[in-house]
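Here's the structure we're looking at; comments come further down.
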Amino acid sequence: MGKATGFLEYERKNAAVEEPLKRIRHFNEFRTPLPLEEQQKQGARCMECGVPFCQNGAMLAGMASGCPLHNLVPETNDLVYSGNWKQAYERLTKTHSFPEFTSRVCPALCEAACTCNLNGKPVSTKENERAIIEHAYEMGWVQPQTPKIRTGKKVAVVGSGPSGLAAAQQLNRRGHSVTVFERHDRIGGLLRYGIPNMKLDKKILDRRIELMKAEGVEFKTGVDVGKDITAEELKRQFDRVILACGASNPRDINVPGRESGNIYFAVEYLSSVTKSLLDSGFADGKAISAKGKHVLVIGGGDTGNDCVGTAVRQGAKSVTQLEMMPKPSVERLPSNPWPEWPKVLKTDYGQEEAIAVFGQDPRIYKTTVKEFQKDKNGNVKKAVIVSLEPKKDEKSGRMMMVPIEGSEKVIDAQLVLIAAGFLGSQKYVTDAFKTDLNPRTNVLTKPDEYETSVPGVFTAGDMHRGQSLVVWAIREGREAAKAADRKSTRLNSSHDDISYAVFCLK
């Protein structure tokens, strides 16, 4: 695949990135893709490694190695190299529903597992995929795939994030009539309101939604299932239901002063900013604003980084980001060999921008909040932070990060954003459908299955597996669609096992 000696002849070359001090002036995407001819050279770097770990998607040491969708990476890279762009698009979309999303927001599990990592830099598979799908749109190859025959079956998908959209796409193409219910005012879930516009331009999302509408998928916004419509009503009206509501319970920080004003969960903050941008270009003044404030972000993951980048764009006076865990190594440690996911230091776009503006990395490792202090109006004004150290818990044997006595420090904090992850599905939804839950409050199914304890009700995405990546959500949505369709085919004699096998191959 690719050119056998391509990884020796061509250096990895990435898309051009706008300088931090320029890009913080707007909320637009800031990467300029390579010309197609240059991208073809990047495809040439895919070597004939024999065992393509990039498409394996297996769990190693508790983390995914390779693409969970099992994208046929060497094949698409080879087609990029040879300039067969239409065939590359057709090959990519055999396994992938939305490459335009993951090629922008995915951490590239495929690249982390690339064999080229052993002696150099990995193949730029993520940018190759972006080139494939964007060129396909430009050339008019991405057209509605409307089923020729409708089955007469009706499926309700609750939630319009990446898992819900993937399930809806696949079931609709199978011939079922699909309705997607979304409680917010716009379709997209996490893709719409959890990921900032500079990371995923919402025009890219709207483009795909319009395509799905043309294919026959019906979308209903402003409908909160479990409140506006009961679970029983939904089960009566539809043959199958897929719950794809995400892991919507944010993890809180329960310390003295938590009730202070101007302390928000990260998604609440990011949602307000994106909604104000889409509604009025910020003219309505409804976005939670960091302008002129000392901002404290609690959490070191992708969402925390998005908060940093957004606060910098709004004109924050300072940004501090707390991370409970120790600072990762710059290089792989012997205990973390390839092809495991590399547990190394990553400086993302938001941190780069904070460094450019404030002259230092906003992250403080092995640190958490001990207390919030209020001003006379009841709003947060300062935070007492404390250093942590790893200690083994005597009962469980697990390593825990515990406070170091006497390490307290007071910092300014006029806006606090909690990006500490999510705990599981929301109770009112699972109560409405009476589904069993696992100890983490995710919807319980049998291992590697998607039907819940309630017959005919399926689940997918973060609601099923817990907080995870967009690529995993798409994988879950596609797999849940297969499971729901298989259950439907048993009740519909016009669809036999052969037709289902064809569906799986697609």
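The values are calculated or read from the model by the stated rules, or taken from the named source; none is laboratory data. All of these numbers come straight from a predicted model, not from anything done at the bench. Neighbour counts are summed over all protein chains in view; Cβ atoms, including those assigned to glycine, are modelled from backbone coordinates with ideal geometry. When the accessible area is computed, the model is the full protein with side chains, heavy atoms only, and any ligands, DNA or RNA have been set aside. Shrake-Rupley method; radii C 1.70, N 1.55, O 1.52, S 1.80 Å.
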Where a residue in the stretch 140-164 is open to solvent by 80 Å² or more (accessible area, probe 1.4 Å) and its partner, wherever it lies, is among the basic types (Lys, Arg), with Cβ under 8 Å and at least six apart: Gln145/Arg173; Lys154/Arg240
Strands (runs of 3 or more DSSP E) fully within the stretch 186-266 counting 3 or more residues that are over 30 Å from Gln414 (Cβ atoms) and modelled with pLDDT of 95 or more: 218-221, 240-243
The stretch 399-423, subset free of Cβ contacts under 8 Å to residues at least 60 places away in the same chain and not in a strand (DSSP E or B), residue least open to solvent (accessible area, probe 1.4 Å): Ser407
Boolean, Ser396 is without any contact (Cβ under 8 Å) to a residue 24 or more places away in the chain, open to solvent by 20 Å² or more (accessible area, probe 1.4 Å), hydroxyl-bearing (Ser, Thr, Tyr) and touching an Asp or Glu at 6+ places or on another chain (Cβ under 9 Å): no
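Which members of the stretch 53-73 meet the condition of being outside any loop (DSSP other than H, G, I, E, B) and either without any contact (Cβ under 8 Å) to a residue 24 or more places away in the chain or open to solvent by 40 Å² or more (accessible area, probe 1.4 Å) (or both)?
Phe53, Gln55, Ala58, Met59, Leu60, Met63
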Filtered residue count, the stretch 13-52, keeping only those that are buried (at least 16 other Cβ atoms within 10 Å of the Cβ) and in a loop (DSSP other than H, G, I, E, B): 13
Filter result for the condition that a residue is at negative phi, open to solvent by 50 Å² or more (accessible area, probe 1.4 Å), assigned to a loop (DSSP other than H, G, I, E, B) and not charged (D, E, K, R), over Pro339, Pro334: Pro334
Some residue of the stretch 444-452 being farther than 27 Å from Ile195 by Cβ, in contact (Cβ under 8 Å) with a residue 60 or more places away in the chain and surrounded by 21 or more Cβ atoms within 10 Å (Cβ to Cβ): yes
Per-region count, the stretch 253-280, residues under 19 Å from Gly466 (Cα atoms), crowded, with 23+ Cβ neighbours inside 10 Å and touching a Phe, Trp or Tyr at 6+ places or on another chain (Cβ under 8 Å): 0
The one condition in (1) out of contact with any helix residue (DSSP H, G or I) (no Cβ under 9 Å at 6 or more places or on another chain); (2) hydrophobic (A, V, I, L, M, F, W, C); (3) open to solvent by less than 40 Å² (accessible area, probe 1.4 Å) that Ala290 fails to fulfil: (1)
Residue selected from the stretch 466-489 under the condition in contact with a Lys or Arg (Cβ under 7 Å, 6 or more places away or on another chain) and not in a loop (DSSP other than H, G, I, E, B), by the criterion surrounded by the fewest Cβ atoms within 10 Å (Cβ to Cβ): Lys487
Of the criteria (1) of a type in the set (S, T, N, Q); (2) closer than 26 Å to Val386 by Cα; (3) over 22 Å from the mean Cα position of the chain (by Cα), which one Thr347 fails: (3)
Count of the stretch 174-204 residues which are farther than 21 Å from Glu268 by Cα and buried (at least 21 other Cβ atoms within 10 Å of the Cβ): 5
Scan of the stretch 112-134 for residues that are assigned to a helix (DSSP H, G or I) and either of a type in the set (Val, Ile, Thr) or open to solvent by less than 20 Å² (accessible area, probe 1.4 Å) (or both), ordered by number: Ala112, Thr115, Cys116, Thr125, Asn128, Glu129, Ala131, Ile132, Ile133
When residues of the stretch 88-102 are limited to those that are without any contact (Cβ under 8 Å) to a residue 40 or more places away in the chain and in contact with a Ser or Thr (Cβ under 9 Å, 6 or more places away or on another chain), the one nearest to Gln40 (Cα to Cα): Arg91
Complete set of residues in the stretch 78-99 that are open to solvent by 20 Å² or more (accessible area, probe 1.4 Å) and among the β-branched types (Val, Ile, Thr): Thr93, Thr95
Where Gly359 falls short, out of the listed (1) in contact with a Gly (Cβ under 8 Å, 6 or more places away or on another chain); (2) under 14 Å from Ser318 (Cα atoms); (3) exposed (fewer than 15 other Cβ atoms within 10 Å of the Cβ): (1)
Among residues of the stretch 435-465, those that are touching a Phe, Trp or Tyr at 6+ places or on another chain (Cβ under 6 Å), assigned to a loop (DSSP other than H, G, I, E, B) and among the acidic types (Asp, Glu), counted: 0
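Take the residues in the stretch 213-252 that are among the β-branched types (Val, Ile, Thr) and surrounded by 15 or more Cβ atoms within 10 Å (Cβ to Cβ), then tell me which one is nearest to Arg150 (Cα to Cα).
Here the residue is Val217.
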